[in-house]
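These notes concern the structure reproduced below.
The values are calculated or read from the model by the stated rules, or taken from the named source; none is laboratory data. This is a predicted model, so every value here is computed, not measured. Note: ideal-geometry Cβ built from the backbone for every residue, glycine included; neighbour counts use all protein chains shown. Accessible surface areas use protein heavy atoms only, side chains included; no ligands, DNA or RNA. Shrake-Rupley method; radii C 1.70, N 1.55, O 1.52, S 1.80 Å.
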Amino acid sequence: MSVTTIQDWWLSLSEEVVTYGPGFLSATIVVLGVTVASILVSWVCGLLGALGKRSSFAPFRALASFYVWFIRGTPTLVQVFIVYFGMPQIGVKLSPITAGIIALGVSSGAYVAETIRAGLTAIPRGQMESALALGMNPRIMMARIVMPQVFRMILPSLTNEAISSVKNTSLLSTITVVELTLYAQLMIATTFRPFDFYIAAALIYLGLTSILSQLSAYFERRYARLS
């Protein structure tokens with residue numbers, strides 16, 4: 001490859017970054033915002049689901065079991081459609097981003113629920129009985145003794161679920177949320193260059209998931225030193 005060819009390629013690449021970079025940046029910000037919000041929703045749903053499945057109150061246990069069974073047995077894309085297209089039929093109309101956050105959060109929450117439940121099961125019952133015998137109420141026991149240990153054990157699984165949440169934001173392109181996938185599709189429709197834009201979107205997704213993986217590894221090492 002000659003110097004002139006390299007210079008032409010670099011100039012072309014620079015022009016494309018200037019032209020399409022802001023759009024990709026905006027789409028990435030949307031992905032990050034939706035991911036963070038859906039992860040928070042999934043943690044709430046997951047904790048409630050896990051506690052519900054361990055509840056001594058049969059209706060709570062049945063409701064939590066149905067939630068986990070239904071969500072894990074149906075495609076996430078169908079769940080997105082139910083929230084965005086189906087809910088207006090019963091009078092609940094949501095914006096695309098709000099519907100996407102709720103759908104992805106509730107969907108991920110079922111998997112988080114099973115992860116938390118497995119973590120709770122791994123805690124020796126003797127620890128809980130000892131805490132209660134010392135006069136600690138169940139809420140404080142869960143917050144100070146049980147959940148810190150559970151979080152340490154399930155951190156890798158939570159990271160995997162967070163990575164899935166990043167990738168699942170691409171499903172929201174079907175309900176007009178302009179995230180990375182839809183932005184790439186819009187640019188392809190005008191430039192007819194699918195390889196370039198899909199590769200660019202894939203690299204950004206790869207960068208985001210790689211950062212999450214590195215953060216998880218850091219916290220795992222940190223907790224290992226503290227234990």
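Things to note:
- Enumeration of residues in segment 167-185 that are β-branched (Val, Ile, Thr) and either surrounded by fewer than 21 Cβ atoms within 10 Å (Cβ to Cβ) or in contact with a Cys (Cβ under 7 Å, 6 or more places away or on another chain) (or both): Thr174, Ile175, Thr176, Val178
- Just one of (1) farther than 16 Å from Arg54 by Cβ; (2) open to solvent by less than 60 Å² (accessible area, probe 1.4 Å); (3) at pLDDT 85 or above fails for Gly109. It is (1).
- Residue in segment 169-212 that is nearest to the chain's Cα centre (by Cα), counting only those that are of a type in the set (Phe, Trp, Tyr) and assigned to a helix (DSSP H, G or I): Tyr205
- Test result for Val146, in contact with a Pro (Cβ under 8 Å, 6 or more places away or on another chain) and among the hydrophobic types (A, V, I, L, M, F, W, C): no
- Scanning segment 158-168 for any residue that is touching a Pro at 6+ places or on another chain (Cβ under 7 Å), outside any loop (DSSP other than H, G, I, E, B) and either closer than 30 Å to Thr28 by Cβ or aromatic (Phe, Trp, Tyr) (or both) turns up nothing.
- Any hit, segment 156-174, residues being over 27 Å from Leu47 (Cβ atoms) and modelled with pLDDT of 90 or more: yes
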